[in-house]
Structure formats: structure tokens, C-alpha cells
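Here is the structure we will look at, set down as C-alpha cells.
The values are calculated or read from the model by the stated rules, or taken from the named source; none is laboratory data. None of these values were measured; they are calculated from a predicted model. Quick reminder, even Gly has a Cβ in these numbers, built from the backbone with ideal geometry, and neighbours come from all protein chains shown. Areas reflect the complete protein model, heavy atoms only, side chains present, ligands, DNA and RNA absent. Shrake-Rupley method; radii C 1.70, N 1.55, O 1.52, S 1.80 Å.
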Amino acid sequence: MFGFRMDNLKGDIYGGITAGVVALPLALAFGEASGAGPIAGLYGAIIVGFFAALFGGTGSQVTGPTGPMVVVFAGVYAALDGNPSLVFTTVVLAGAFQVAFGVLKLGQYIRLVPYPVISGFMSGIGCIIIALQTSRLFGHEPEGSGTIPALVEIPGAVMDPNFAALGIGVMTLIIVFNWPSSLGKWVPAPLAGLIIGTLTSLFFVGAPILGDIPTGLPSFIMPSLSQDALLVVVEAAFILALLGSIDSLLTSLVADNMTRTRHNSNQELIGQGVGNIAAGLFGGIASAGATMRTVINIRTGGLTKISGMLHSVLLLAIVVALAPLASIIPHTVLAAILIKTGWDIIDRAYILKAHRGPRWDLALMMLVLTLTVFVDLITAVLAGVVMASLAFVKQIADEQLKQLRDITKEGLSVNFSQEEAELMTHSHERINVFDFGGPLSFGAAADVGHQIREKSDQISQVMILDFGQVPFIDVSAARAVETIANDGKISKKQVYISGMNEKVRDVLEALIEDVIPGNHYFNSRRDAIAAAVEYVESTDENI
């Protein structure tokens, strides 16, 4: 299960140390933004990062606080009035949900979220982070929690800035946006911004700072749950678990592309869940696979879980030895780092090209973005998935209906075997043979009866429904066949069914056996045509 490899030890050491250095300012910033404090961000990076690497299914993944998780966690922290026991119980429960996702092997389904939905909610999260940090950049603290109060606070902060904070914040912004890539190999831009911004604040006093930060090892927090908070905790835990799973598995896919490997999605969810359970028990904020830190880890040589675990060990050493130094870090410096992080999260590459692609995908992305910013993340994701699924079903149904055809009108030599073509010469044009051409989904089923009614000839006496290329059907499709059979009775036409496999026949016989007689089912299209010709000729003899 642990799968330790020692063949890349040097690369894993370099990758883990570099990822840890990059993670330090981000963990502090995300911890501050979460409401639980910078140390909670560090504990989250240390604990979840270690256990997710140890038990996870993506060797090169680095785990820590991320934008989606912090946005949700901050809302939970505010909703529960900062009660540590209840807040971190939410993290523990989120981890338990993730473990359950992995045990139930739901990893492959979580990854099926459509790209416009992912783009929309990630871009929305980026906008939320920027909105929440803009006032802090000007030296003000937003009153209340959430995006709307933060947006309302911005005009006042702009009109009445703390000039020391604004100057330091703008300088930090310039550093993190323009830090030379050549220097970035040695000192990552977020760390450079953190160090230079903090040192500058020693000479230009007046900017609000973090203040006292706990040092040493974390303390155990006993989980608790009250009846009043039950709904809030469970709902928030599920959202954290879902977003953390999506975030982590997307990062796993990035890692796969870079390392030419294939991750184990269900094992990754179990690892993430174990990490979040442990973090919740010791005051760490919920975390997930972090794309930027994972990419940096891989680029500097990290390929196995040793690198992710080493990243956590490095952060733990910093907490034990250097945490008191973090007390002098200005809020505005962390705000600038987070604004850059939010900017990077926004899917600008897709947004700039979206107008060239399907308009529906662009509309879906904007819907999810808007719901993410102004409603909540789970509503945005669920609405996006539902809308995308309905659109996909409609597209598939339209294609399936296009494949539905009366092959008797398309040339006997093309669509029929020689024997079938010979039989059809005796049909007197009173037999229609409908070929479904492929699967029949519930989306297409609603219009199948109408399509066949339109395509069927007035003088037709027999309609053959050929299921030779239909691998399966559901209840909706079976009911559509029932409608066709009832229409046939009304118009005095026989309905024969041919070419069914065993699964299709079992469903039809179970649901509509009283509508279509048993002798109207045929194993092959040739047998159905022969029976139809015999029926047509017998009616001629009776006239």
C-alpha cells in the first residue's frame, strides 16, 4: 500500500524541499484567510500533506490548503462562530466522507465533472479570493463573512486606505507577479514576496500585522457535535469532501500528464480522507491536492510519496523553530500573495478562447461562475453538472433520432442481404423496416414514437423494429416501444421486433409482454421480414 521507492531519492529530496518552501507563504496566507489563523494553515499543510502522501494514490502529489477548501472552510468558521470543536469536527467528517468515496470506488465518477463546470467554479473561487483580500490590501478588514460583505467593503477601503499597508501590498503584488523565473528556481515568487514585504514593513510601520502565533506541536481537539449545528456541519463536511476530492483528482491528472504515470483515484481519496481526519483532530484546516505545489515538486525532481512527506517534515521544522517570526508578517503581504493565487486560479486560458467554442459551454461556465460567487459552491457544481448532463443527453438523443430510419426507402441492395431483398420484393410496399442504428437512450425514447409515426407509410400493414444494433434499453425505451405498438393497433398495423439480444428481450418481455404477442419477436431481421411478407400475402388472399 505504501509503495516506497528509493530509486529517485535525490530528486524526491529536492522536490520535497522546494515544495515545502513554496508551501510556507501559501499555508500562512490560506490559514489567515480561513479565519482559524496562520498556524491552522501550516498544520493543515503539515498533517494532510504527510498522510495524503503516505496513504494516497498519486506518488508526486503535494497536498495542502487550496483556494476551494479555504473558501468553504472560512464560511464554516463564520457560521459556527469560530467554535474550534465544531469547526474541526467538520474537517474530520469531511475526511471520513472522502475515505468513504474511496472505499465505495467513486473516484472515477467524481472525475466526470464536465470541464466548463470545473472552469466556472475554479474561476469563481479565484474571484472570491480576490474579493476577500482586496480590502486587506488597503489595510482594512472586511466586516462580516462572505463575498457580498467583502465587495461592499472595497469602495470604503479604496477611499480611506492605510497608506503603509497599501504601499507594502502593492510592492508585494509587483514582486509575486513579476518575479524573474531565473530567480524563481532558487527563491519562489510567493516566498520572495513574503520576505521582502515583511522586511519592508519593519521600516514603514503602520500596516496591521498577524500578531502572536502559537508555536510547537499542535494540540488534540476533541470532536463534538450539537443538535443545533448538525445540519451545518454535515452539509459543510460534504461540500469540503466533494470539492477536495475534485481538486485532488484534477491535480492527480496533471501529475499523470507530467510524469507519464497513472494514479489510483480511489486510493488517493482514501489518503486525502485520512489526512483531513488527522488534521481535524489537531487543528489543521481542510486541504487537498495542490496543483502549483505538485507541479513545482515534479519539475524539481519529486516523483514518489517521499517528496510529499518531506515537504511536510520541512514545514513542521519551520513551525517548531521559526513560528514566532511569522507574527510580524503584515496582513497586506498575505493578501497580495492570495490575490496572485486567486488570479492564477481563474481559468483565463479558457475564458479568452471560450467565444470560439460552443456557446452552450461558455454559458454553462458563466452560470457556474456566477453561482459560485454569489450563491455557494455546492449549488454551483450541482447546477452545472445537471445542466451539462441534460445538454449531453439532448445532443445524444438528437444523434440517435437521426440514425432512426426506414431502410426500405434507402435501396434494397444497400440495406438488405440478398435473401432479405428477395423477400421484400413480395412486400407490395406495405412493410416498413425501422433500424435504430445504435443505442436507444431515454432522451431519444420520448420522440421515437412520433418519428416512426411520421415515417410509416399510410398503406403499410407491418412495422418491423430492428434492434440488431441496440445493445441495451431502459424503461423509457421500452415504454416508447409500447407506444409504437399501441399506435399500430389503432392504425391496424402489426408490429414485429427483430434482432434483440437477450438483455433487450428480457426488458421488453418483462414490461410490455401484454402489448406485443410473443410470436411477434424474431431472432433475425430476415425471419421478421419473412413473417411480415407472409402476413401481407395472407391479407391479400382474404380480400
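Being in contact with a Phe, Trp or Tyr (Cβ under 7 Å, 6 or more places away or on another chain) and either open to solvent by 10 Å² or more (accessible area, probe 1.4 Å) or under 21 Å from Thr172 (Cβ atoms) (or both), is that true of even one residue in the range 16-33?
no
Restricting the search to the range 472-492, which residues are of a type in the set (D, E, K, R) and assigned to a helix (DSSP H, G or I)?
Arg479, Glu482, Asp487, Lys489
Out of curiosity, is Ala528 open to solvent by less than 20 Å² (accessible area, probe 1.4 Å) and either assigned to a helix (DSSP H, G or I) or in contact with a Ser or Thr (Cβ under 7 Å, 6 or more places away or on another chain) (or both)?
So Ala528 passes the test.
Give the residues of the range 111-148 that are open to solvent by less than 40 Å² (accessible area, probe 1.4 Å) and farther than 29 Å from Gly289 by Cβ, sorted by residue number.
Listed by number, the residues that qualify are Ser135, Phe138, Gly139.
Does the range 237-248 hold any residues that are over 17 Å from Gly49 (Cβ atoms) and either outside any helix (DSSP H, G or I) or open to solvent by less than 10 Å² (accessible area, probe 1.4 Å) (or both), and which are they?
Ala237, Ala241, Leu243, Ile246
On the basis of being open to solvent by less than 40 Å² (accessible area, probe 1.4 Å) and either at pLDDT 90 or above or of a type in the set (Gly, Ala, Ser) (or both), does Leu86 make the cut?
yes
Return the residues of the range 511-537 that are farther than 17 Å from Asn432 by Cβ and of a type outside the set (A, V, I, L, M); say none if nothing qualifies.
Passing the criteria: Glu513, Asp514, Pro517, Gly518, Asn519, Tyr521, Asn523, Ser524.
If a residue has to be within 14 Å of the chain's Cα centre (by Cα) and crowded, with 17+ Cβ neighbours inside 10 Å to count, how many in the range 374-386 make the cut?
6
Please go through the range 256-287 and pick out each residue that is of a type in the set (Gly, Ala, Ser) and either surrounded by fewer than 18 Cβ atoms within 10 Å (Cβ to Cβ) or part of a loop (DSSP other than H, G, I, E, B) (or both).
The answer is Gly283, Gly284, Ala286, Ser287.
If you take the residues in the range 213-236 that are among the polar types (S, T, N, Q) and farther than 22 Å from Ala323 by Cα, which one is surrounded by the fewest Cβ atoms within 10 Å (Cβ to Cβ)?
In this case the residue turns out to be Gln227.
Which condition from (1) within 19 Å of Gly342 (Cβ to Cβ); (2) at pLDDT below 90 is the one that Gly193 breaks?
Among (1) within 19 Å of Gly342 (Cβ to Cβ); (2) at pLDDT below 90, the lone unmet condition for Gly193 is (2).
Going through the range 2-31 one residue at a time, which ones are of a type in the set (Val, Ile, Thr) and assigned to a loop (DSSP other than H, G, I, E, B)?
none
Yes or no: the range 121-129 includes at least one residue that is more than 27 Å from Tyr350 (Cβ to Cβ) and in a helix (DSSP H, G or I).
Within the range 121-129, none of the residues are more than 27 Å from Tyr350 (Cβ to Cβ) and in a helix (DSSP H, G or I).
Restricting attention to the range 447-467, which residues are touching a residue at least 24 places away in the same chain (Cβ under 8 Å) and surrounded by fewer than 15 Cβ atoms within 10 Å (Cβ to Cβ)?
Answer for the range 447-467, where residues must be touching a residue at least 24 places away in the same chain (Cβ under 8 Å) and surrounded by fewer than 15 Cβ atoms within 10 Å (Cβ to Cβ): Arg453, Ile459.
Go over the candidates Ser123, Ser181, Ser119 one by one and state the one that is free of Cβ contacts under 8 Å to residues at least 40 places away in the same chain, on the phi < 0 side of the Ramachandran plot and of a type in the set (S, T, N, Q).
Testing whether each residue is free of Cβ contacts under 8 Å to residues at least 40 places away in the same chain, on the phi < 0 side of the Ramachandran plot and of a type in the set (S, T, N, Q) leaves just Ser181.
If you go through the range 130-167 one residue at a time, how many are assigned to a loop (DSSP other than H, G, I, E, B) and of a type in the set (Phe, Trp, Tyr)?
Within the range 130-167, residues that are assigned to a loop (DSSP other than H, G, I, E, B) and of a type in the set (Phe, Trp, Tyr) number 1.
Report yes if some residue within the range 93-105 is over 27 Å from Thr259 (Cα atoms), in contact with a Leu (Cβ under 6 Å, 6 or more places away or on another chain) and either among the polar types (S, T, N, Q) or modelled with pLDDT of 90 or more (or both); otherwise report no.
yes
Please verify whether Lys492 is open to solvent by 60 Å² or more (accessible area, probe 1.4 Å), at positive phi and among the basic types (Lys, Arg), treating the condition exactly as stated.
Taking the combined requirement at face value, the residue satisfies it.
What tally of residues in the range 406-446 results from selecting those that are among the basic types (Lys, Arg) and open to solvent by less than 80 Å² (accessible area, probe 1.4 Å)?
Counting residues in the range 406-446 that are among the basic types (Lys, Arg) and open to solvent by less than 80 Å² (accessible area, probe 1.4 Å) gives 1.
When the range 166-183 is examined, which residues are found to be among the hydrophobic types (A, V, I, L, M, F, W, C) and surrounded by 21 or more Cβ atoms within 10 Å (Cβ to Cβ)?
Ile168, Leu173, Ile175, Val176
Among residues belonging to the range 149-165 that are touching a helix residue (DSSP H, G or I) at 6+ places or on another chain (Cβ under 7 Å) and among the aliphatic types (A, V, I, L, M), point out the one that is most open to solvent (accessible area, probe 1.4 Å).
Selected residue: Leu151.
Could you check Ile296 against (1) closer than 28 Å to Leu382 by Cα; (2) modelled with pLDDT under 90 and say which number it fails?
Looking at each condition in turn, Ile296 falls short on (1).
For the condition open to solvent by 20 Å² or more (accessible area, probe 1.4 Å), farther than 30 Å from Val158 by Cβ and in contact with a helix residue (DSSP H, G or I) (Cβ under 8 Å, 6 or more places away or on another chain), what is the one hit in Leu362, Leu371?
After ruling out the rest, the residue left standing is Leu362.
Scan the range 186-212 and report the pairs whose first residue is closer than 16 Å to Glu32 by Cα and surrounded by 15 or more Cβ atoms within 10 Å (Cβ to Cβ) and whose second residue is among the aromatic types (Phe, Trp, Tyr) and modelled with pLDDT of 85 or more, with Cβ atoms within less than 9 Å and a gap of 6+ or a chain change.
Final answer for the pair search is Pro190/Trp179.
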